[in-house]
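Let me begin by presenting the structure, written as structure tokens, before commenting on it.
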Amino acid sequence: MFPQFGATADTLSKASTIVSRIGTDAHLYDDPEDVNIAPLLESKFDSEKCEALKRLLALIAQGFDVSNFFPQVVKNVASQSLEVKKLVYLYLLHYAQKRPNEALLSINSFQKDLGDSNPLVRAWALRTMAGIRLHEIAPIVLAAVSKCARDPSAYVRKCAANALPKLHDLRLEEHSSTIEEMIGMLLCDKSCGVVGAAASAFTSVCSNNYSLIGKNYRRLCEILPDVEEWGQISLIGILLRYVIARHGLVKESIMYSIRGEESCWPKKDDSDVDFALLKNISDMTVNYDVGLASMVSRCYIEGPDEYLSWLSSSGKSYAEQSGATFTSGRSNDDVKILLQCTSPLLWSNNSAVVLAAAGVHWIMGPMENVKRIVKPLLFLLRSSSASQNVVLCNIQVFAKAIPFLFAPYFEEFFIVSSDSYEIKSLKLEILCSIATDASIPLIFKEFQDYIRDPDRKFAAHAVAAIGLCAERLPKMANVFLEGLLALTRQETLTSDFEHGEGDVLVQAIASIKSIVNQDPPSHEKVVIQLVRSLDAVKLSAARATIIWMMGEYSNLGEIMPRILTTVLKFLAWRFTSEALETKLQILNTTMKVLADSKGEDLLTLRKVGSYVLELAECDMNYDIRDRARFLKNLLSFKLYSQGPEENVNISSGRLPHVLAEHIFRQQTSQLTREPVNHRFYLPGSLSQIVLHAAPGYEPLPKACSLLHDGQLQNETCGTDLLGDGADGSATSSGSLDEESVTSDYGSEQSSTVLSDSGSSDETGSVSEGDDNADQLIQISDAGYSHNNKSMDQSSTAMDLGELMSNRALESWLDEQPGSSNQGKSDQNLFLGSSARIFIKDIASRLKPKCYSLLDPANGNGLKVDYSFSSKNSSISPKYVRIEVTFKNCSTETISEVSLMEDSSKVSDSTESSLSSPTDVSMLAPMEEITSLEPGETTYRPIHVCFHHHLLPLKLALYYNGKKYPVKLKPDIGYFVKPLPMGVEAFMDNEARLRGMFEYVRSCTFTDHIEELNKDRSDVLMKDNFLLVCESLALKMLSNANLFLVSVESPIAANLDDASGLCLRFSCEILSSSLPSLITITAEGKCSEALNLSVKVNCEETVFGLNLLNRIVNFLT
Amino acid sequence: MLQCIFLLSDSGEVMLEKQLTGHWVDRSICAWFWDQVLSRGDSLKQQPVIASPTHYLFQIVRGGITFLACTQVEMPPLMAVEFLCRVADVLNDYLEGLNEDLIKDNFVIVYELLDEMIDNGFPLTTEPNILREMIAPPNIVSKVLSVVTGSSSNVSDTLPGATASCVPWRTTDVKYANNEVYVDLVEEMDAIINRDGTLVKCEIYGEVQVNSHITGVPDLTLSFSNPSILDDVRFHPCVRFRPWESDLILSFVPPDGLFKLMSYRVKKLKSTPIYVKPQFTSAAGTSRINVMVGIRNDPGKMIDLITVQFQLPSCVLSADLTANHGLVNIFSNKTCSWSIDRIPKDKTPALSGTLVLETGLERLHVFPTFQVSFRIQGVALSGLRIDKLDPKVIPQRLYKGFRALTRGGSYEIRS
């Protein structure tokens, strides 16, 4: 355990390494380039490839750039040998970001490996593929990850969980909800290893999405002890945050001390801590540390902004400000189970786990149980030396906030010689804050030992610690003082100033100063003793302190005033030979005493004073000269007035006199304790160690912030499977139930006609005849009432009524063969015309999204916005038409505005590799705007060909002769054009594009709720159902250039039930003219958030996935 | 999330870098780090967390090698430190030691191990048993094979079964001809004796080390006859918490091979086995030192490998030390080491000599602390006794062995 390498052992081991190097890769590391690597990579033999790759790896290890071998290495990715594969992967991951184009060549091979029967191969392929981190392949990786997340092998699933943060790193907002969905799924995994990895993915991807945790909070708590250690660390943090967001803080915990109530301090019958001791301490702590404890808890909850604002307005009480909510740890099951499941983790072998678990108990644990974290934390100090420093930093905060927790264990903080300087000073600080009247004799004895330590810096620290302890425990002050004085005497004799050993002396005198300051009258002799030793004390800092004390306590007791003049004379005489700080103090003290003096001393002092001032005014140091001038002016009345009586009479009312009085005469108010000037951060966080908020640091969530969201979540998703704790917040039916409910409604049964007002009666009767009796009445009732409503409606109902389902109409037509022909023709006519009418009608209400290209602040007053147009480009079908608005917001005329390609960037654009190589310019030339008057707005359509549907296009905007680089963000919704087709054609196409061309995602849709609420007040109330259709269609059409094929809806049992509503859209991809079909199926109630399932059928895989993501993105 | 791991030699050379995430960390950070080490000395080396201008650095030093990890975002610092310790342990285990040459000679294995141990800055597989199955440690056979045939793969082509099992620390199919399990109590005594000779603190830090070679998946229970003396405990992940909570019994499925089952501490002991009595007398610029060592409380077994170490204060210019028994060495950094080994029957070992102080110093005012190390085989000074070790399902023959050992931990005598 403690390797002590002797000299012989060292040489022996050297000798033995020479022997052992045979057969290792030593020669490869030493001389990686002694053979030509390139031909080896092309070799047929795996062993040669291996050697080449090892050489490359050696070069990487040594920091050389060998990315030029990338193409040759990538070729080997298809190798069957696992060792070659592994080495290639290592190389690939190192350079993939630098050589994205070549890295893409490996994708095929990864995709093949993903289908391998060996889980290890699958896992490696997934890890490497995700590790390449290129925007182009993000959808492919996402697909791969979602496949692997369902892999039978737990190891592969774990790797899938780890891959999610890699994807998240690419910052693709379209994918974020899919990623979160997948994390939610993996959190429910049956293998504990996967859950652990999912937990850490959760922390780095969506640490605030508590709904994922709420679903299986209880289960996560229960498996916590079985999750592997690294996952435990993340999971503990997540669970803690969730509980706080959900239920708030615990009333019995330390966090409650925010209120400053004494009731939270431990009960007297506490068993473990000595009764008398505890009583003492708690008396003290109540007076002393509530402030600090509440400070700590406040820091945990508040972010930096709030902290700052709080600092500036320190008056208000925190509890009032935040209205923090508390729950009871005794009755809240969620809190209880968390504490219960984290407490065995305090025995964990991993120090990070122990600290994380201790953090939970510290924040959430009832006050009387917090002490259970003490012993495990202290044991960490001994059992894992590497983490000692970090653990001590955390203990320091705990001990400061609640000293009595650690007070009985003061021995743990005794210093051993192997401790580093940082650890020693941390331990000293902790000892100071936990010392009690019972333990201080022992601690003081230790301090005395430390003073004799060869490390003088540390010895000085120990002396300072004595001063601090004296402040806390005034009873011991006299004992300390004696010790310190003895030390001063000894140090004055022996100290050797060359090695900075004076530190001890300086500290000793500083400590004496602080003790004297507590009760000056009783320590008069001490001051005199120090003043007497002035002659012997050589250190300027120590001298300065003594001189200051002399001035401060100049009129203390009997003897002091008598010796004062003599000492000052002596100091004035020595003035020129003193160091800077001493000189300043001599100046101050002389003036202070002078301002105070009366009677015969005054004359002498005046002489001394003017002598010192004269010397000081000619000093080399400007600080001293300035101080001298200042004091001279301030005290001129004292220095130069004629006689004492006159002085009193004349100058008492004058300003300088009052000033001087205030500056010199006022006793310095007792600084009881230095104010806590740094923030506290959460226990176990990096920020707590470096003492600033590291990027990504988040304070605890707002108490009960989840309550509102949570309810909404629970209602919409019906996710709270496990039921709730005592507080009984809303629970609803599980998602499983809901699914089973919807599956009851077959499409045939539920398809109905959302007819126009004219045919409403007929429809009602049709469905009556159509279905079986039980449901019939209900349905017809529903249909009837709904039709009544729609009848009431005027024109708006008319066009919405035209959203007629084709199939439903057909079924109706089949029932009534007599009118079939007419109906068919009607329908065709109707569909043809209605489509146009519909779009036109809707179009008036479409609000195309406007993006800003250049805002007036950056563009000297020119404001440029753009929106995607649904019109086709007149130049070429591949171009997208964009309406650009130029507005002059400045007061001057802007001339010669034009938009061009940013030619400098185009050529090396790495992204171009995926899209078809094209030499057409990306931007059709725009008509130049010759001048733009102030306030004038001009529109120009531009035609753009995006090379890639995710990456922004860099353009240059020229005006007034200057160039402004701007970025045009693509919107994949406009990379398509409407493809009019009938429902049959839609079905045909859909049937053709099944399997791998079909992608489904689900999302929630809430837009209509707002609409519904808005309309409640209207007398002419729109039908809920129509409104849902309308808002969905509107949303779709205003965000993408689509053709609405049909709207179908079932006859629902309930009017409010939108389940089964189905919208179909079609479009054609501009670049490839391939059709692309979109089907949206809704589920849920009209008045609540709807669960939508969006399906895209498209031959172009990547485009389809991206389109789907975009749709889901704007729908939610 | 860790972004990069560097391995630095004791001269500050970057031996290896492993980028972990898309946030590329330039190795110039190591140069910055090493500058700091040079300018601030050893105190920086003992600081596990350092905030550099661009990154937060975590470091541990093992066998002269600095393991440096970087991040830019908030993460539990102990997670990084603990992970680096794990890496060091695994490498130490694989390479049978840890020094610059070993790392360089086996850099491919180091890379492969790191790749398996951490994924995207988050620990993946750290269980030594599983790693051994995935990446074969270098051994004589593979070395010879690679010399003879020029090719050998140390990358396993199958996924260890344990990754999927509920006991991820144990390989699933283990077979032994002889089933045996050895339990060692290895204790270290920490003591502080102040300059009056009073015992300030005396405690035992102990570990239960188990070496198991048992066929199949055995389920063992280990109980102590006096578990109540244990003050603090920490367990290997294999130990089930429930039986310990209720009955103070260790119930576990052991990993294969050697592992640390638990560590514990017994506090407030009253007696130490060895006394050390240092004496200093100073006069006129020199100081006379006299140290005596002897047995205070005979533990009943032989105490050997006794060594007394102390650091001469910096104000001592030269020292002349002799001992009537054992060997005295003074190293260049003014550390003295007096190795006594066993205390002879006929005399009390004593060290004496004179220290010449710096000019200007009359007498010694700072005094060194003496650190004592020793070994007592066959006894656990804490008094902890193992009661019994039982497998749940008894195999045909299970050989059980128990041993105990006590060493000096931080055993200090102040003067």
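The values are calculated or read from the model by the stated rules, or taken from the named source; none is laboratory data. This structure is a prediction, so every number in the text was calculated from the model and none was measured. Virtual Cβ from ideal backbone geometry, glycine too; neighbours counted across all protein chains shown. To get the accessible areas, we keep the full protein, side chains included, count just its heavy atoms, and leave off ligands, DNA and RNA. Shrake-Rupley method; radii C 1.70, N 1.55, O 1.52, S 1.80 Å.
Scanning segment B:359-367 turns up no residue that is surrounded by 14 or more Cβ atoms within 10 Å (Cβ to Cβ) and more than 30 Å from A:Ile451 (Cβ to Cβ). If you scan segment B:281-302, which residues turn out to be within 12 Å of another protein chain (Cβ to nearest Cβ) and under 21 Å from B:His325 (Cβ atoms)? Within segment B:281-302, no residue meets the criteria. Beta carbons closer than 9 Å, at least 6 apart along the sequence or on distinct chains, pair a first residue in segment B:220-233 that is within 20 Å of A:Val354 (Cβ to Cβ) with a second that is acidic (Asp, Glu) for B:Asp231/B:Glu203. Of the residues making up segment B:375-402, those that are in contact with an Asp or Glu (Cβ under 9 Å, 6 or more places away or on another chain), under 23 Å from B:Ser228 (Cβ atoms) and either assigned to a strand (DSSP E or B) or open to solvent by 40 Å² or more (accessible area, probe 1.4 Å) (or both) number 2. Here segment A:1060-1116 is the region considered, the condition is being part of a strand (DSSP E or B) and β-branched (Val, Ile, Thr), and the residue that is nearest to A:Ile140 (Cα to Cα) is A:Val1096.
Is it the case that A:Ser418 is open to solvent by 20 Å² or more (accessible area, probe 1.4 Å) and within 12 Å of chain B (Cβ to nearest Cβ)? Against the criterion (open to solvent by 20 Å² or more (accessible area, probe 1.4 Å) and within 12 Å of chain B (Cβ to nearest Cβ)), A:Ser418 qualifies. Taking the stated definitions as given, is A:Ile650 aliphatic (A, V, I, L, M), at pLDDT 75 or above and surrounded by 12 or more Cβ atoms within 10 Å (Cβ to Cβ)? Taking the combined requirement at face value, the residue does not satisfy it. When residues in segment A:53-85 are screened for being of a type in the set (Lys, Arg) and open to solvent by 40 Å² or more (accessible area, probe 1.4 Å), 1 of them pass. Given the structure, is B:Ile330 within 14 Å of another protein chain (Cβ to nearest Cβ) and surrounded by 17 or more Cβ atoms within 10 Å (Cβ to Cβ)? Answer is no for this residue.
Considering only residues that are open to solvent by 10 Å² or more (accessible area, probe 1.4 Å) and modelled with pLDDT of 80 or more, which ones fall in segment A:1084-1104? Answer for segment A:1084-1104, where residues must be open to solvent by 10 Å² or more (accessible area, probe 1.4 Å) and modelled with pLDDT of 80 or more: A:Asn1091, A:Ser1093, A:Lys1095. The set of residues in segment A:992-1008 being touching a strand residue (DSSP E or B) at 6+ places or on another chain (Cβ under 9 Å), open to solvent by 40 Å² or more (accessible area, probe 1.4 Å) and either at pLDDT below 75 or more than 16 Å from A:Met1036 (Cα to Cα) (or both) consists of A:Arg992, A:Arg994, A:Phe997, A:Glu998, A:Val1000. Taken together, the residues in segment A:328-368 that are out of contact with any His (no Cβ under 9 Å at 6 or more places or on another chain) and within 14 Å of chain B (Cβ to nearest Cβ) amount to 17. Can you find a residue in segment A:239-249 that is over 25 Å from the mean Cα position of the chain (by Cα), modelled with pLDDT under 90, farther than 24 Å from B:Ile130 by Cβ and not hydrophobic (A, V, I, L, M, F, W, C)? For segment A:239-249, residues over 25 Å from the mean Cα position of the chain (by Cα), modelled with pLDDT under 90, farther than 24 Å from B:Ile130 by Cβ and not hydrophobic (A, V, I, L, M, F, W, C): absent.
Looking at segment B:1-97, the strands (runs of 3 or more DSSP E) lying wholly inside it that each contain 1 or more residues that are open to solvent by less than 20 Å² (accessible area, probe 1.4 Å) and touching a Gly at 6+ places or on another chain (Cβ under 9 Å) sit at B:4-8, B:14-19, B:65-71. Scanning segment A:920-944 for residues that are closer than 30 Å to A:Asn1109 by Cβ, of a type in the set (A, V, I, L, M, F, W, C) and modelled with pLDDT of 75 or more returns A:Ile942, A:Val944. Here A:Lys371 passes the criteria (1) crowded, with 21+ Cβ neighbours inside 10 Å; (2) more than 10 Å from chain B (Cβ to nearest Cβ) except the one numbered (1). Applying the set (1) of a type in the set (S, T, N, Q); (2) over 24 Å from A:His135 (Cα atoms); (3) away from chain B (no Cβ under 12 Å) to A:Ser81 leaves exactly one unmet item: (3). Considered as a group, the residues in segment A:1064-1083 that are hydrophobic (A, V, I, L, M, F, W, C) and closer than 17 Å to A:Ser1031 by Cβ include one that is surrounded by the fewest Cβ atoms within 10 Å (Cβ to Cβ), and that residue is A:Ala1082. For beta carbons closer than 8 Å, sequence separation of 6+ or different chains, a first residue in segment B:76-103 that is under 14 Å from A:Glu229 (Cα atoms) and a second that is at pLDDT 90 or above and hydroxyl-bearing (Ser, Thr, Tyr), the qualifying pairs are B:Leu78/A:Ser351; B:Ala80/B:Thr71; B:Val81/A:Ser351; B:Glu82/A:Ser351.
Restricting attention to segment A:436-480 and to residues that are away from chain B (no Cβ under 14 Å), assigned to a helix (DSSP H, G or I) and not aliphatic (A, V, I, L, M), the residue that is farthest from A:Pro403 (Cα to Cα) turns out to be A:Asn478. Restricting to segment B:103-122, and then to whatever is facing chain A (nearest Cβ under 7 Å) and closer than 17 Å to B:His23 by Cβ, can you tell me which residue is farthest from the chain's Cα centre (by Cα)? Once the filter is applied, the top-ranked residue is B:Asn120. Considered as a group, the residues in segment B:255-265 that are open to solvent by less than 10 Å² (accessible area, probe 1.4 Å) and modelled with pLDDT of 90 or more include one that is farthest from B:Ile204 (Cα to Cα), and that residue is B:Leu261. Counting the residues of segment B:315-354 that are assigned to a loop (DSSP other than H, G, I, E, B) and under 23 Å from B:Val366 (Cα atoms) gives 5. Scan segment A:114-124 for residues that are within 13 Å of chain B (Cβ to nearest Cβ) and assigned to a helix (DSSP H, G or I) and the total you get is 6. Is it fair to say A:Ser1087 is under 15 Å from A:Glu1030 (Cα atoms), out of contact with any Gly (no Cβ under 8 Å at 6 or more places or on another chain) and among the polar types (S, T, N, Q)? Yes: the conditions hold for A:Ser1087.
Restricting A:Leu142, A:Leu93 to residues that are open to solvent by 40 Å² or more (accessible area, probe 1.4 Å), aliphatic (A, V, I, L, M) and in contact (Cβ under 8 Å) with a residue 24 or more places away in the chain narrows the list to A:Leu93.
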